[in-house]
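*Asks:* Structure below; questions to follow.
The values are calculated or read from the model by the stated rules, or taken from the named source; none is laboratory data. Only a predicted model underlies this, so the values are computations on that prediction, with no experimental measurement involved. Every residue, glycine as well, gets a Cβ built from its backbone with ideal geometry; the counts of neighbours run over all protein chains shown. What goes into the accessible areas is simple: the full protein's heavy atoms, side chains included, and nothing from ligands, DNA or RNA. Shrake-Rupley method; radii C 1.70, N 1.55, O 1.52, S 1.80 Å.
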Amino acid sequence: KVYYAGPFPPGYEIKLKGPSVENIEMNKKMIELKSKEKKESKDEEKRFWADNYGVLVAKANTDDSKPSSISLVSPISIEEKKLKPSSLGLTLEMMLKFDIVPQAKDNKFAPVTLFKSSDSNWELKLTGKGEVIYNIEKKSPFNLGKLGLDSGKWVHIAVVTTKKVVKLYRNGKLKNQLKFAASSTTWECPSFTLGGRAMKGEKDGKNLSGMLASEFRIWGTERSSEEIKTLMRVRFSKIEKKLQASLKRSAKLLVYLPLSESKSFKDTVEFKKESPFTVPKTVRKGTIMLPNTGTDKPVRYIRIQAEGEKKKLSFAQVQVFEYWMTEGWAKQMQLAPPMASFRILNGVLTRSAISSIVGLVNRWSNEESKSPLDCAPKMIKLNNAAIKSSQHIQKLELDDGHITVAVAMLQEFNRSMVNLLDYVDLSLPRNYSSLTDGVRDVRNYLFWFQKKQVWQAALKESTKPKKSVNVALDFIGAKEVFSKRKTDHKARRTLFGQCFQQLKNQDPDMFKVGVNVRAFQANYVGMGSIDAGGPYRDALENMCKELQSPALPLFMKCPNGRLEMGENRNTYIPRPTSTSAFHLTLYKFVGKLFGLAMRSKSLLSIDLPSIVWKPLVSDVVLETDVQAIDRVSWKVMELLREEEQKVERKTTSIGIFDSTMAQFKFQAAGADGKIRELIPNGKNTCLQWKNRKLFMEKTRDFRLHEFDKHIQAIRSGLGEVVPITFLSLFTWRELESQVAGYGMTDKQIDLLEKMTDYDGCSKDDSHIKFFWKMMRERFNNEQRVRFLVFVWGRSRLPLTSDDFEKKFTIQGHPSSGGNPDAFFPIAHTCFFSVEMPCYTSLDIMTQKILWAMNNCSSIDADGGPMGQRPVGPTDSDDELDTLFD
């Protein structure tokens, strides 16, 4: 008999296997057990079934018919100082049982008080006739009818109270409901009693000693009929303490008492809640055997679903049947297996926690170069330090077992999603297809390894042969833009502008290159360099610096950065006033560079916030994204909501609200600090109670969509280079990593060391050990970036070892001879190598390398193959308007 199916919580186990079907005529509908085979078989559980039946045979220690319990012969006093019930939503439940048959002539039980608060404001009683009497708020008692207690059988009772009705459930079925009008919302219940002898007006019975109770629980919310059906099967005393604690936090479990029979009670005793869980955890093992329908693959009976507005990932039970034999025929009965473990896991594993676990799995997958779907959950060893640093995981106190179950759940979900993606049209806009929208909403739960396979296949299919394109760049002229503090409004002087002017009419296919392939050859005019990779990378690096500066009118530091407060201080946003047709063409070219970075793995040193990345992957921009770049301006909305709540709570009047908020007009400050009207004549329209909703709507809409034109232009350019429909599968952080990488974190230093070769020296040499210690302990992230620019002409490392065009090489320094401390390192950016003198100390090495990378980061400017640099364009009137401070 199948009692349970699916992944079990920690300490529990279930196995899935599909046995072969032997000696069966496939076209027979009748299921016959051959007697000869039955005699020869030593395995009494072995059955042969037709393919159209799902055979489930399970052996499981699942007998909960004898839960721990206590007698209600004596009242039990319980202290619960923090209990503050609410009559607007309350569920009281417990298990009851009579162990003996009534002896009285009228077949009456002894009346008993099941529950009673210390102030008698809340009471649940059972009369001698078996009727349930419920009293709340000292109103007239509700007679909820006969409960129907059967001798020797456990009965689950639940009383649900709302502001309009009181309901009685018996074994998950609604027995009765009566109208109820709550006169208050909450009251205090510092203590209560369970059990006790006859009620006033009735004689003592002889059979009260046979009344047993177990699993007493009070929930601070209204539980639905389906939830009660689940709760009646749950024995909380058999689950882990961390899960118990989580239930009390997240599921509004106000009181839980297992009422263990290991305790002895006299007339009135105090119940000690420090150690109420006395029943040891038992291991449940089961086997689900399924018929062979052409393969021996396991058939799973668990659905992993993303449900609700927030698309929380959760377990759901699929149809399960019990089968047995009767005269050669198979009979079946649909079962309702307990969902306790699923409910518990769904309550514990929040959306944020699961997303954090997905990130840890992705990290493991990148480091091991393995697919998460090809390994058992226990074989995926997540980084312990990262687990401890995750606030979402630590907040829930998840142990290794919980995380393993979460990984198993995510594996099942990803397997299903991989098969589903072939049938999803990712090109559709939001709100056009519920299936497409649903897939986008659960993108956080998809492993990067699976996304990467789909993405790389799409890139490979659309890759074009490399074209011979030369771009002549005036590096010195571009530097003069900064030295003269002028803004390149017409995109002619900066390296970005020069590159744009020469490539704007080129076929976009020139950007559709393969990994580590250059889209063009960068020729620095008047400089002694030949582009073997160094000038190309250096040009892209300098273009990113120009974009994130007043040298170009495209991006500006976000408000938090300008005010030096809040988060994302180092990020840049599109300049709100740059919306002319020419500006949008420049933004489109930025999008093409993004696509080039994604294809070639030549990552860009650009720092943008979520409000820019999200629309590029068809994700929804939220208020939190605005606050992440502009903490100050959003305070007006916060103040408005606070004043609105005061009026709604009647702590202030509408008149006071109007006088307080009259200072605000229908205007809002943009991300650039400039004031813009939200409605026509908004500067003369005061904020009042009657128009507050309009003000909030207009302000929110303005800030959420402030950069729509800019981002649409970027997305247009991006779409000309990469198959943009697949970006719907990306999270905004994944897109950011594919365009801009991760910077130079400790993790990236580990990757760099792994991808380093040594020529003329050894990793065991003292100066090589000095070097890696300097990179990890002496250099901050900014200095690490400058060193990478010094040796490679780029500031971002590839994301994985597979993306490296060549390894970093540390070479000997032949010229240093017997006095290495007097020499500086020599970098070869085209070949990603550095000649390193054998410095005698860490301090000397740090000093020499810092000087070299801070003063020698430019390509040689001594003239050479490209001849003399041309005379730059003259300034036009509009270019005299500088954006520099």
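*Asks:* So for the range 391-511, averaging the separation of alpha carbon pairs under 8 Å that are six or more residues apart and normalising by length, what relative contact order in percent results? Working shown, then result.
*Replies:* Working: 47 pairs, mean separation 19.4, N = 121.
Relative contact order for the range 391-511 comes out at 16 percent.
*Asks:* Principal axis extents for the range 355-433, Cα atoms only, whole Å, descending order, please.
*Replies:* On the principal axes, the range 355-433 reaches 41, 27, 21 Å in Cα extent.
*Asks:* Between rounded, prolate and oblate, where does the range 604-685 land on the alpha carbon gyration tensor, with a ≥ b ≥ c its root eigenvalues, rounded for a/c under 1.5, else prolate if a/b exceeds b/c?
*Replies:* Values: a/c = 2.96, a/b = 1.86, b/c = 1.59.
It comes out prolate by the Cα gyration axes.
*Asks:* Further question: Based on the Cα atoms of the range 618-744, what semi-axes does the equivalent ellipsoid have, where each is the square root of 5 times one gyration tensor eigenvalue, given in whole Å with the largest first?
*Replies:* Its equivalent ellipsoid spans semi-axes of 37, 16, 12 Å.
*Asks:* By average Cβ neighbour count within 10 Å, what is the ranking of 159-168, 406-415 from highest down?
*Replies:* Values: 159-168: 18.6, 406-415: 21.2.
Top of the packing list down: 406-415, 159-168.
*Asks:* Quick one: net charge of Gly359's neighbours, Cβ under 12 Å, K/R +1, D/E -1?
*Replies:* On the way: positive: Arg363, Arg733; negative: Glu734.
Neighbourhood net charge equals +1.
*Asks:* Taking every pair of alpha-carbon atoms in the range 652-727, what share in percent sits in each 5 Å bin, from 0 to the bin with the longest distance?
*Replies:* 3, 14, 18, 17, 12, 10, 8, 7, 5, 4, 2, 1
*Asks:* Mind giving me the nanometre distance, one decimal, between the label points for Thr745 and His705, set 7 Å out from Cα along Cα→Cβ?
*Replies:* 3.5 nm
*Asks:* Taking Cα pairs under 8 Å and at least six residues apart, what relative contact order does the range 585-725 come out at, in percent? Numbers along the way, then the final one.
*Replies:* On the way: 134 pairs, mean separation 54.7, N = 141.
With pairs under 8 Å counted, the relative contact order is 39 percent.
*Asks:* Just to be sure I understand the curve: with the Debye formula and one point per C-alpha of the range 745-867, what is log10 I(q)/I(0) at q = 0.09, 0.22 Å⁻¹?
*Replies:* Debye output, listed in q order: -0.24, -1.46.
*Asks:* Compute the FRET efficiency between Leu174 and Ser434 as 1/(1 + (r/R0)^6), taking r as their Cβ-Cβ distance and R0 = 41 Å, and round to the nearest 0.05.
*Replies:* Values: r = 33 Å, r/R0 = 0.80.
Plugging the Cβ-Cβ distance into 1/(1 + (r/R0)^6) gives 0.80.
*Asks:* Can you give the accessible area of Thr221 in Å² (nearest 10), computed on protein heavy atoms with a 1.4 Å probe?
*Replies:* Accessible surface of Thr221 is approximately 40 Å².
*Asks:* Right, here's the next one. In this model, which of Lys479/Lys674; Lys588/Lys806; Lys769/Lys848 are farther than 19 Å apart at the alpha-carbon? Each step should come with its number before you reach the end.
*Replies:* On the way: Lys479/Lys674 30 Å; Lys588/Lys806 31 Å; Lys769/Lys848 16 Å.
With Cα atoms farther than 19 Å apart: Lys479/Lys674; Lys588/Lys806.
*Asks:* I've got another one for you. If R0 is 45 Å, what FRET efficiency do you get for Thr840 and Ala385 from their C-beta distance, rounded to 0.05? Let's see the in-between values first.
*Replies:* Numbers: r = 34 Å, r/R0 = 0.75.
Once the sixth-power term is evaluated, E becomes 0.85.
*Asks:* Can you divide the C-alpha Rg of the range 425-533 by 2.2 N^0.38 Å and report the result to two decimal places?
*Replies:* Details: Rg = 20.3 Å, N = 109, 2.2 N^0.38 = 13.1 Å.
Rounded to two decimals, the normalised Rg is 1.55.
*Asks:* Additional query: Averaging sequence separations of C-alpha pairs under 8 Å and six or more residues apart, then dividing by the length of the range 644-760, give the relative contact order as a whole percent.
*Replies:* Values: 65 pairs, mean separation 18.0, N = 117.
Answer for the range 644-760 is 15 percent.
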